[in-house]
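The values are calculated or read from the model by the stated rules, or taken from the named source; none is laboratory data. Quantities reported herein were computed from a predicted structural model and do not represent experimental measurements. A quick note on method: Cβ atoms are made from the backbone with ideal geometry, for glycine too, and the neighbour counts reach across all protein chains shown.
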Amino acid sequence: DLYQRLTDFDIRFYLYELLKALDYSHSMGIMHRDVKPHNVMIDHQMRKLRLIDWGLAEFYHPAQEYNVRVASRSYKGPELLVDYQMYDYSLDMWSLGCMLASMIFQKEPFFHGQDNYDQLVRIAKVLGTEELFSYLNKQSRKRWENFVQPENQHLVSPEALDLLDKLLRYDHQQRLTAQEAMEHPYFCEAL
């Protein structure tokens, strides 16, 4: 698995390349809606990355309702899991956040639910339920540091955890945009 072989620098470099692709797509008015490792092709020799499989992509129009049956379960934003149809580009940013978590904590996929309800529960067990629904049993938010193990600690930096925290937000309007994420200190060394 490529994830296991990526260095801290590689992760920063390739995520930044993926952000460039998403920033361009979003600037053209397009949501990819299926960002996941299988749709990211990496030529490690040439240090090139391609975001592929645009079959679920859609033009974004404000206040339009979209199909929630998009994205792969492990990368679905909470908005899809609760059938919120007026989502936007930030859906792709949640998926990217899931990929970052998978890479730095070396746990693929990071959120691994058996169905959509279980997926939301898995997310709530990490992010807590303070901002989520009262019908879920109250979960306290886990600290990202809880996922650090001896075998992944070389990939986990304060900047990585800060970026992760700004991508994996329940409220899609609070997530960083691709442009904002590209300006995050996590990527300073990769440029």
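Look at region 36-90 and say how many of its residues are under 19 Å from Leu6 (Cα atoms) and touching a strand residue (DSSP E or B) at 6+ places or on another chain (Cβ under 7 Å).
Result for region 36-90: 7.
Just for region 1-40: of the residues that are of a type in the set (D, E, K, R) and not in a loop (DSSP other than H, G, I, E, B), which one is surrounded by the fewest Cβ atoms within 10 Å (Cβ to Cβ)? Top of the filtered list is Arg5. The single residue among Pro109, Pro150 that is part of a loop (DSSP other than H, G, I, E, B), under 26 Å from Phe9 (Cα atoms) and out of contact with any Ser or Thr (no Cβ under 9 Å at 6 or more places or on another chain) turns out to be Pro150. Any chance region 85-106 includes a residue that's over 13 Å from the mean Cα position of the chain (by Cα), modelled with pLDDT under 95, more than 19 Å from Thr177 (Cβ to Cβ) and not in a loop (DSSP other than H, G, I, E, B)? The answer is no; no qualifying residue exists. The residues of region 85-114 that are in contact (Cβ under 8 Å) with a residue 12 or more places away in the chain and exposed (fewer than 15 other Cβ atoms within 10 Å of the Cβ), listed by number, are Gln85, Met86, His112.
When Phe187, Phe111 are checked against the criterion of being at pLDDT 90 or above, under 23 Å from Asp88 (Cα atoms) and touching a Lys or Arg at 6+ places or on another chain (Cβ under 9 Å), Phe111 stands alone in meeting it. crowded, with 16+ Cβ neighbours inside 10 Å and not hydroxyl-bearing (Ser, Thr, Tyr): does that describe Ile52? In short, no. For first residues located in region 5-20 and closer than 12 Å to Glu189 by Cβ, partners that are assigned to a helix (DSSP H, G or I) and charged (D, E, K, R) and lie 6+ apart or on another chain with Cβ distances below 7 Å form the pairs Phe9/Glu189; Arg12/Glu189.
His154 satisfies every condition listed in (1) surrounded by 13 or more Cβ atoms within 10 Å (Cβ to Cβ); (2) touching a residue at least 60 places away in the same chain (Cβ under 8 Å) except (1).
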